[in-house]
Ligand code: OAD
């Protein structure tokens, strides 16, 4: 099995901005202002509007060659994508198994009953309600909130022959800690033009310091070497 952990960098060449490449601001906002329960409590209008704009921006972009390549790997391998991204570009590219650690832009949920989750492609209004009469919020995991899919992701990674990490600064926990779940016999491949310093439990770490779409030939060669020696 190939586990793939992706971050904002894989969507950068599709036109979605990353979080930490623009002076700590996300589309002009302090991340804590728009991605924390405190920010939501203080100014729900601003936060809601922010995600409405992100949702609209998502309708204007397309998966890039890196998303497409990962989807094409399914022809030969069992590929499990674990993404920190809230866009749906992996799904648009055709990947069939995508775990969204930090939620999804195209979903909203009840503020009172978190299991009431709805597909949502339009703008959300603060007056929109769940079927039980409570307000809705973006289905995004904000800072300080639980990341309920971490154990599922950890289990996938621990069973994988290859862990491929693409376009993440590995600064946000617990997602960043997932790299330590790789089996010592697995190979870890990390693609990022400005890779973070990493220490992994695996004995074999390959860093490709390139943009996602520019790394695909190197990646193909490396995967062939590892999986078909
Ligand atoms: P970051 O913005 O922290 O990191 C993006 C990474 O992508 C950086 O290491 C860049 O060097 C790299 N990068 C930039 N362009 C690239 C390209 N063309 N190809 C490959 N890599 C490229 O984003 P994340 O690590 O995803 O959480 O951030 C993790 C979490 O922090 C996000 O999921 C989000 C954020 O706050 C929530 O919203 C809860």
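For the range 15-28: of the residues being under 18 Å from residue 169 (Cβ atoms) and more than 6 Å from the ligand (Cβ to nearest atom), which is modelled with the lowest pLDDT? Break it down stepwise before answering.
Looking only at the range 15-28, we keep the residues that are under 18 Å from residue 169 (Cβ atoms), and these are 16-27.
Still in the list and also more than 6 Å from the ligand (Cβ to nearest atom): 16-17, 22-27.
On the way: 16: 92, 17: 86, 22: 66, 23: 62, 24: 59, 25: 67, 26: 71, 27: 72.
Taking the candidates together, the pick is 24.
Can you tell which of 160, 169 is within 12 Å of the ligand (Cβ to nearest atom) and either assigned to a loop (DSSP other than H, G, I, E, B) or within 19 Å of the chain's Cα centre (by Cα) (or both)? Explain how you work it out, then say what you get.
Details: 160 fails: within 12 Å of the ligand (Cβ to nearest atom).
Exactly one residue qualifies, and that residue is 169.
List the number of the failed condition for residue 176; all other conditions in (1) on the phi < 0 side of the Ramachandran plot; (2) assigned to a loop (DSSP other than H, G, I, E, B); (3) within 11 Å of the ligand (Cβ to nearest atom) hold.
That leaves (2) as the condition not met.
Identify, please: which residue in the range 179-206 is more than 19 Å from residue 82 (Cα to Cα) and within 12 Å of the ligand (Cβ to nearest atom) and is, among those, surrounded by the fewest Cβ atoms within 10 Å (Cβ to Cβ)?
The residue in question is 197.
Given the residues 117, 141, 79, which is the only one that is in contact (Cβ under 8 Å) with a residue 24 or more places away in the chain, surrounded by 15 or more Cβ atoms within 10 Å (Cβ to Cβ) and away from the ligand (no atom under 15 Å from the Cβ)? Talk me through it step by step, then tell me what you get.
Working: 117 fails: in contact (Cβ under 8 Å) with a residue 24 or more places away in the chain; 141 fails: away from the ligand (no atom under 15 Å from the Cβ).
Sole residue among the options that is in contact (Cβ under 8 Å) with a residue 24 or more places away in the chain, surrounded by 15 or more Cβ atoms within 10 Å (Cβ to Cβ) and away from the ligand (no atom under 15 Å from the Cβ): 79.
The values are calculated or read from the model by the stated rules, or taken from the named source; none is laboratory data. Keep in mind the model is a prediction, meaning the values are calculated, not measured. Neighbour counts are summed over all protein chains in view; Cβ atoms, including those assigned to glycine, are modelled from backbone coordinates with ideal geometry.
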